[in-house]
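Q: Pasting in a structure now, in C-alpha cells, and then I'll have a few things to ask.
The values are calculated or read from the model by the stated rules, or taken from the named source; none is laboratory data. Fair warning: this is a prediction, and the values are worked out from it, not measured in the lab. With ideal geometry, Cβ positions are generated from the backbone for all residues, glycine too; neighbour counts draw on all protein chains shown.
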Amino acid sequence: MRATQSKVGGMAISLTVNGKKRQVEGDPAKPLLWVLREDLDLVGTKFGCGAGLCGACTVHVDGQAVRSCQTLLGDVKGAAVTTIEGAAATDVGKRIAASWIAQDVPQCGYCQAGQIMSATALLSQTPKPTDEDIDAAMMGNLCRCSTYVRIRAAIKAAAA
C-alpha cells in the first residue's frame, strides 16, 4: 500500500489479486478500479467512463468479467481479482494477446485491457464460442477505433 492512502473511515479488507493474497486498508465504498490503480499500483486497468458503460475498466472477480469502476472494495472481500497484469500470465491470456497482435487489433489501445479481460473470461468459460457468444460477452466493451471485426476474429483464432 502506498503511504498516501487514506485510512480515515477505512477498514482492512482481504482479497486475492493476481494470485497473491492482499490486504487493503480503505473505505469499502471505494471503487475497485481506484484500489487497483492507486493502492496496489496495478495501472493496466483503465478508467474510461466511470459509469460501467465502456468496459475499459474490466477485471475478473472470481472468474467473472466485471466493471471495476462500479464494483466496490467491500464487494470483493475474500474474492479473487484478476487484472490485465494477471491475465497475461495465463494460457488463455497468452493466446488472446498473441491473437490480438496477429489480427492487428490494437489501434489507439486504450480499450484493449478491458477488451482482453472480457475475451479471456469468455474463452475460460466457453472455449469454442460462436459469433453470438462472442457478441454477448463483448457487449458493452466499446472501441472508439471500431476494431470489432478484428476483435471477433482474434477471439476465434485464440479459440482455435
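Q: Kindly indicate the residue of the stretch 124-152 that is buried (at least 22 other Cβ atoms within 10 Å of the Cβ) and more than 14 Å from the chain's Cα centre (by Cα) and also modelled with the lowest pLDDT among those meeting that condition.
A: This residue is C143.
Q: Restricting to the stretch 74-85, name every residue that is surrounded by fewer than 22 Cβ atoms within 10 Å (Cβ to Cβ) and either hydrophobic (A, V, I, L, M, F, W, C) or farther than 24 Å from R150 by Cβ (or both).
A: G74, D75, K77, G78, A79, A80
Q: Okay, moving on. Restricting to the stretch 11-66, and then to whatever is in a loop (DSSP other than H, G, I, E, B) and of a type in the set (S, T, N, Q), can you tell me which residue is surrounded by the most Cβ atoms within 10 Å (Cβ to Cβ)?
A: So the residue we want is T45.
Q: Now a separate question. With the requirement that a residue be part of a loop (DSSP other than H, G, I, E, B) and either crowded, with 23+ Cβ neighbours inside 10 Å or among the charged types (D, E, K, R) (or both), what does the stretch 87-121 give you?
A: D104, V105, C111
Q: A follow-up question, please. All but one of (1) part of a helix (DSSP H, G or I); (2) under 19 Å from L42 (Cβ atoms); (3) not assigned by TED's automatic domain parsing to the domain that holds T45 hold for D75, so report the exception by its number.
A: Looking at each condition in turn, D75 falls short on (3).
Q: Another question about this same structure. Do we find that I101 is within 14 Å of the chain's Cα centre (by Cα) and modelled with pLDDT of 95 or more in this structure?
A: Against the criterion (within 14 Å of the chain's Cα centre (by Cα) and modelled with pLDDT of 95 or more), I101 does not qualify.
Q: Look at the stretch 123-160 and say how many of its residues are of a type in the set (A, V, I, L, M) and under 14 Å from S99 (Cα atoms).
A: 10
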